[in-house]
1. Run down D30, D71 and say which single residue is touching a helix residue (DSSP H, G or I) at 6+ places or on another chain (Cβ under 9 Å), exposed (fewer than 13 other Cβ atoms within 10 Å of the Cβ) and not small (G, A, S).
2. May I ask you to verify whether E117 is acidic (D, E), farther than 25 Å from Y133 by Cα and at pLDDT below 95?
3. Looking at L52, is it under 23 Å from L129 (Cα atoms) and not aromatic (F, W, Y)?
4. If you scan the stretch 34-65, which residues turn out to be under 14 Å from the mean Cα position of the chain (by Cα), at pLDDT 85 or above and of a type in the set (A, V, I, L, M, F, W, C)?
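The values are calculated or read from the model by the stated rules, or taken from the named source; none is laboratory data. A quick note: this is a predicted structure, and the numbers were derived from the prediction, not measured. We place every Cβ from the backbone using ideal geometry, glycine too, and count neighbours over all the protein chains shown.
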Amino acid sequence: MFKDFILNEVEKIAMVVAGLAGFKVAAKPDEFIKLADTTLQNEYGIKLQELLDLNTDDFELWLQKQNHHADKLDALAQLLYMYCEPFNPDPETLTALQKVIIIFDLLEKKHHRTSFENINKRNSIYQFLQNNYV
C-alpha cells in the first residue's frame, strides 16, 4: 500500500518535471516559473522564490525537516537544475546550483542513490563553477 502511494507520487512528479522541461525547451519562461511555483507549493510546501532565497545552510535544514523520499529529492534537484539552465554567472544561479549539489550529495550519502544523469549534471555544474568562479 505504501509502495503504491510512493509510486503514484513519483509518477505525478515525473509528469510535472516533463512538463517543466517542455516549457523550458519551448522557451516559455513564464509558464515554467508558474508550473515550478505551483509544483513546489503543492509537493514541497514552499514557493520557488522562497526556496531560491534560502541560503545553503537554511536549505540543508529545510531538507532535513522535510525528510522527503529519494524520488522527491531527485525531482527537486531536476527542477532546480532546469531553472538554472542556461547557466549564467550570477549569484542566483550560483546559489541554486549549490542547492542541486546538496541534494545530489544527500541522495548519494543518505539514500545510496546515484545515476549517470546526475553524475553528468554534477560534472556540468563543477565545470561551470570552475570556468566562472575559480
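1. Just a single option satisfies the conditions, and that option is D30.
2. Taking the combined requirement at face value, the residue does not satisfy it.
3. Taking the combined requirement at face value, the residue satisfies it.
4. Passing the criteria: L40, I46, L48, L51, L52, L54, F59, W62, L63.
So that you can scan it fast, the table gives a plain yes or no per residue for (1) farther than 15 Å from D71 by Cα; (2) touching a strand residue (DSSP E or B) at 6+ places or on another chain (Cβ under 8 Å); (3) in contact (Cβ under 8 Å) with a residue 12 or more places away in the chain:
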site	(1), (2), (3)
E92	yes, no, yes
L97	yes, no, yes
V100	no, no, yes
D105	no, no, no
K121	yes, no, yes
I125	yes, no, yes
Q130	yes, no, no
